[in-house]
Amino acid sequence: MVLLDMLIVLCGQTVATLLGRYYYNSGGNSKWMATLTISGGSPLLAILLLLTPRDPVGEPRPAAAKMVPIYLGLGTLIGFDNLMYSYALQYLPVSTFALVAATQLAFNSVTSRLINAQRFTALIANSVVVLTFSAALLGVGSSSDGTSAADLPRGKYTLGFILTLSASAVFALILSLFEVTFEKAVRGRTLRWVLRVQMCTNFVAATVAVCGLLASGEWRTIPGEMAAFEDGRARYVATLVGTAVSWQAMSVATLRLITRVSSLFANVTGTVSLPLVPVFAVVLFGDRMTGIKAVAMLMAVWGFLSYVYQHYLDGRRAAAMGGQGGAAECCVCKARAGGEAALPA
């Protein structure tokens with residue numbers, strides 16, 4: 001199930017990012033509409049919730065008075081984080097956007113340490129440093145991407161870079177807050193609870209996007225935007241629906257990885273899509289794979305492999321101690337052991 005969730009995260013994030021860029025490339029211009037697609041697919045989760053078996057007897061049921069403030073707080077944070085990502089995706093080529101967004105892993109390492117007491121080793125530190133420098137290499141200037149200087153107004157590239165970094169930091173915080181929510185408030189990790197938390201927080205985020213769409217007046221431009229869309233009205237609707245579905249699939253799988261393993265592991269899984277997005281962007285959108293971008297991509301992969309190797313060492317250590325009759329010391333298993341014992345099979 002963990003491997004399945006990882007596959008869904010990879011496919012969902014890759015498809016959603018590419019469709020988001022396709023929306024802008026084909027004539028879409030509403031940032032609030034793009035923001036809405038990230039969380040607007042949350043009502044679809046109600047269908048899955050109805051088809052999912054009810055919680056087992058004895059499953060923790062936190063009071064609504066305890067969960068509502070969490071839904072409102074996390075949902076509002078998600079809504080504004082989605083807005084920053086929407087602006088950033090318009091101002092950066094999709095390959096550059098994907099590589100700069102890799103800094104969310106570095107930020108998540110910090111938030112996981114501070115909020116979730118994640119063990120911080122030399123290999124994880126190496127991953128943080130390498131990924132940070134990978135993003136900084138792209139942010140030196142618009143000259144690092146041959147498509148940006150000619151295609152974007154002055155200052156937009158820098159603004160997109162700053163927004164992507166800010167959104168990545170907030171996203172890392174959100175993942176850590178989700179982890180602590182399931183550990184301290186929900187105290188259950190069934191699929192129904194994953195769907196329930198995802199649906200409620202994303203409904204709040206979608207409400208923030210709808211309010212922004214109405215308050216900004218962008219809703220008046222939607223009919224004209226749809227009519228002027230490069231590939232027609234049907235393709236316009238299909239693009240938005242496909243983006244919304246992809247983001248929801250990716251978000252649910254990410255939340256399941258958080259509950260099964262950790263927020264940092266879920267974030268690392270999303271980082272695996274980094275080599276995929278630029279390749280598809282070169283093929284579909286004509287982005288240039290410059291030398292600097294290629295080096296940055298290799299550094300991002302290096303950072304990811306450092307983290308994977310740390311999990312490999314944890315697994316070997318746990319197996320060795322288990323063979324000696326000792327308790328497993330894997331940081332993930334150790335953190336989850338107490339909670340899993342209280343859960344029904």
Filtering helices (runs of 4 or more DSSP H) wholly in the stretch 1-56 for at least 2 residues that are closer than 18 Å to PHE171 by Cβ gives 2-25, 31-39
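Quick one: in the stretch 58-106, of everything that is among the charged types (D, E, K, R) and open to solvent by 20 Å² or more (accessible area, probe 1.4 Å), which residue is nearest to PHE120 (Cα to Cα)? First the steps, then the outcome.
Start the filter on the stretch 58-106 by keeping residues that are among the charged types (D, E, K, R), which leaves 59, 61, 66, 81.
Keeping just the survivors that are open to solvent by 20 Å² or more (accessible area, probe 1.4 Å) gives 61, 66.
On the way: ARG61: 33, LYS66: 31 Å.
Here the residue is LYS66.
Based on this model, can you work out whether ILE115 counts as part of a helix (DSSP H, G or I) and either crowded, with 23+ Cβ neighbours inside 10 Å or touching a Phe, Trp or Tyr at 6+ places or on another chain (Cβ under 9 Å) (or both)?
Taking the combined requirement at face value, the residue does not satisfy it.
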Considering residues that are over 14 Å from the mean Cα position of the chain (by Cα), open to solvent by less than 10 Å² (accessible area, probe 1.4 Å) and at pLDDT 90 or above, the number found within the stretch 24-38 is 0
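For every residue, the table says whether it meets (1) aliphatic (A, V, I, L, M); (2) open to solvent by 20 Å² or more (accessible area, probe 1.4 Å).
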residue: VAL186; (1), (2): yes, no
residue: ARG196; (1), (2): no, yes
residue: THR207; (1), (2): no, yes
residue: MET226; (1), (2): yes, yes
Listed by first then second residue, the pairs whose first member lies in the stretch 224-236 and is under 10 Å from SER26 (Cβ atoms), whose partner is basic (Lys, Arg) and in a helix (DSSP H, G or I), with beta carbons under 9 Å and at least 6 positions apart or on separate chains, are PHE229/ARG235
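State which residue is surrounded by the fewest Cβ atoms within 10 Å (Cβ to Cβ) when the search covers only the stretch 242-261 and only residues that are within 21 Å of ILE115 (Cα to Cα) and at pLDDT 85 or above.
Applying the first criterion (within 21 Å of ILE115 (Cα to Cα)) to the stretch 242-261 yields 251, 254-261.
Filter once more, keeping what is at pLDDT 85 or above: 251, 254-260.
Working: SER251: 25, THR254: 25, LEU255: 24, ARG256: 23, LEU257: 25, ILE258: 26, THR259: 26, ARG260: 17.
Selected residue: ARG260.
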*asked:* Could you go through the stretch 197-205 and let me know if any residue there is assigned to a helix (DSSP H, G or I), at negative phi, at pLDDT 90 or above and over 18 Å from the mean Cα position of the chain (by Cα).
replied: no
LEU313 passes all but one of the listed conditions (1) surrounded by 14 or more Cβ atoms within 10 Å (Cβ to Cβ); (2) over 24 Å from ILE8 (Cα atoms); (3) at pLDDT 75 or above; (4) out of contact with any helix residue (DSSP H, G or I) (no Cβ under 7 Å at 6 or more places or on another chain); the exception is number (1)
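The values are calculated or read from the model by the stated rules, or taken from the named source; none is laboratory data. Note that the structure is a prediction, hence the values are computed from the model and not measured. When we count neighbours, we look across all protein chains shown, and the Cβ atoms used for this are built from the backbone with ideal geometry, even at glycine. The accessibility values were calculated without ligands, DNA or RNA, using every heavy atom of the protein model including side chains. Shrake-Rupley method; radii C 1.70, N 1.55, O 1.52, S 1.80 Å.
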